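The values are calculated or read from the model by the stated rules, or taken from the named source; none is laboratory data. Everything quoted here is computed from the prediction, not taken from an experiment. Reconstructed Cβ throughout: ideal geometry from the backbone, glycine too, with neighbour counts over all protein chains shown.
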Amino acid sequence: MAATARPRRSVLYMPGSNARALEKGRTLPADGLILDLEDAVAPDAKGTARATIKQAIAAAGYGGRELVVRTNGLNTPWGYDDLVMAASSGADAVLLPKVESADMVRQAEVVLRANGSPDSQTIWCMMETPLGMLNAKEIAGASPKLGGLVMGTSDLAKDLHAAHTRDRLPMITSLGLCLLAARAYGLAILDGVHLDLNDDEGFAASCRQGRELGFDGKTLIHPKTIAACNEAFAPDPDEIAFAHRIIDAHAAASAEGKGVVLVDGKLVENLHVENAKRVVAMAAAILALEG
Ligand SMILES: CC(C)(COP(=O)(O)OP(=O)(O)OC[C@H]1O[C@@H](n2cnc3c(N)ncnc32)[C@H](O)[C@@H]1OP(=O)(O)O)[C@@H](O)C(=O)NCCC(=O)NCCSC(=O)C[C@H](O)C(=O)O
Ligand SMILES: [Mg+2]
């Protein structure tokens, strides 16, 4: 499915070492699941987590949820074996951590292809280091196998010596650079996690801001945040109704040989129709996923 028509409002991380979480993922209303081998898994548990993830995907039952395996880096003792497992696991995508260059993407791609990764399996990149931000454009254009970027705002804040503030001003340059790179290359892009599980208001504000900036959705660490995230990133009924009015009014105007029309007092041109069609397609894709 095209990056813009597949719902990715909520994508939940779960430690690959936590079989209970992987089981729960089959019933949670998240659009996607990141089965993690990296930061959520202790060094001693990496091998077991790899086997647990492989078994969970093979056992199926995840419905239309997009399944993503986050591997360790190729510069670690686990990265190569993670990629070998992920390649033939049946996961929809493989998420590479701490990507800083196009070369890092291509090295992983070689291992994935050599180990049976189907064409349909995409590569996603964690964008979470200062060098990664500066090289966002070359990373986004590194390979036709690339499907998306995921902001790693926790690692980024650490490396930038930045604070986690309500307005996320310290993150804005980085979020903007990655959004530009993703949209320039037709990739999906997901916002970073909100770490404070007791801060519902702050979580809602970060969802709102992420959507306004243009993110497709947000990565999450706990199931209790999925519903609010789905709502925040879905087009609301008024938006969908307005999109239909735009499409219909512009079609009628075109039939009369006109290129522009006013809808509810607002100027509508071709570009607005394109956007309206994207909104309608996303609403339909969400209905199909939830139906
Ligand atoms: C944060 C947690 C460790 C909290 O876990 P827990 O104490 O078990 O929470 P609850 O008791 O409230 O759980 C209630 C039920 O929900 C299930 N649960 C909890 N979290 C998840 C989850 N992520 N996926 C699936 N299911 C989950 C529990 O099993 C309970 O179920 P039940 O048995 O039926 O009662 C935990 O939430 C957690 O581990 N979260 C994920 C942490 C993680 O993956 N971190 C790494 C990713 S974030 C990151 O790396 C950021 C990035 O790289 C960056 O740099 O920014
Ligand atoms: Mg990280």
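Limited to segment 130-152, what total is found for residues that are within 16 Å of ligand 2 (Cβ to nearest atom) and part of a strand (DSSP E or B)?
4
Output the residue which, of all residues in segment 165-190 that are hydroxyl-bearing (Ser, Thr, Tyr) and closer than 21 Å to Val99 by Cα, is surrounded by the fewest Cβ atoms within 10 Å (Cβ to Cβ).
Restricting to residues being hydroxyl-bearing (Ser, Thr, Tyr) and closer than 21 Å to Val99 by Cα, the top hit is Thr173.
For segment 191-247, name all the residues that are buried (at least 19 other Cβ atoms within 10 Å of the Cβ) and within 16 Å of ligand 2 (Cβ to nearest atom).
Asp191, Gly192, Val193, His194, Lys218, Thr219, Leu220
Sort out which residues of segment 51-79 are in contact with a Ser or Thr (Cβ under 9 Å, 6 or more places away or on another chain), assigned to a helix (DSSP H, G or I) and buried (at least 16 other Cβ atoms within 10 Å of the Cβ), and write them in order of number.
Passing the criteria: Thr52, Ile53, Lys54, Ile57, Gly79.
What about Asp119, is it assigned to a loop (DSSP other than H, G, I, E, B) and in the same structural domain as Ala181 (by TED's automatic domain parsing)? Step through it out loud before you land on a result.
On the way: assigned to a loop (DSSP other than H, G, I, E, B): yes; in the same structural domain as Ala181 (by TED's automatic domain parsing): yes.
Spelling it out, Asp119 is indeed assigned to a loop (DSSP other than H, G, I, E, B) and in the same structural domain as Ala181 (by TED's automatic domain parsing).
Name the residue, out of Thr52, Thr122, Thr71, that is within 16 Å of ligand 1 (Cβ to nearest atom) and within 19 Å of the chain's Cα centre (by Cα).
Exactly one of Thr52, Thr122, Thr71 is within 16 Å of ligand 1 (Cβ to nearest atom) and within 19 Å of the chain's Cα centre (by Cα), namely Thr71.
Do the conditions hold for Lys98, that is, is it basic (Lys, Arg) and not in a helix (DSSP H, G or I)?
yes
How about segment 153-267: which helices (runs of 4 or more DSSP H) wholly inside it have at least 2 residues that are farther than 27 Å from Thr27 by Cα and at pLDDT 95 or above?
Of the helices (runs of 4 or more DSSP H) lying wholly inside segment 153-267, those with at least 2 residues that are farther than 27 Å from Thr27 by Cα and at pLDDT 95 or above span 153-160, 172-184, 200-213, 237-255.
Can you pull out every residue in segment 20-43 that is part of a helix (DSSP H, G or I) and more than 10 Å from ligand 1 (Cβ to nearest atom)?
Pro43
Do the conditions hold for Leu35, that is, is it closer than 20 Å to Thr225 by Cα, touching a residue at least 40 places away in the same chain (Cβ under 8 Å) and within 16 Å of ligand 2 (Cβ to nearest atom)?
So Leu35 fits the description; yes.
What about Asp36, is it surrounded by 21 or more Cβ atoms within 10 Å (Cβ to Cβ), on the phi < 0 side of the Ramachandran plot and either within 11 Å of the chain's Cα centre (by Cα) or at pLDDT 95 or above (or both)?
Taking the combined requirement at face value, the residue satisfies it.
Only one of Leu95, Leu134 is surrounded by fewer than 20 Cβ atoms within 10 Å (Cβ to Cβ) and assigned by TED's automatic domain parsing to the domain that holds His194. Can you tell me which?
Only one candidate passes the filter, namely Leu134.
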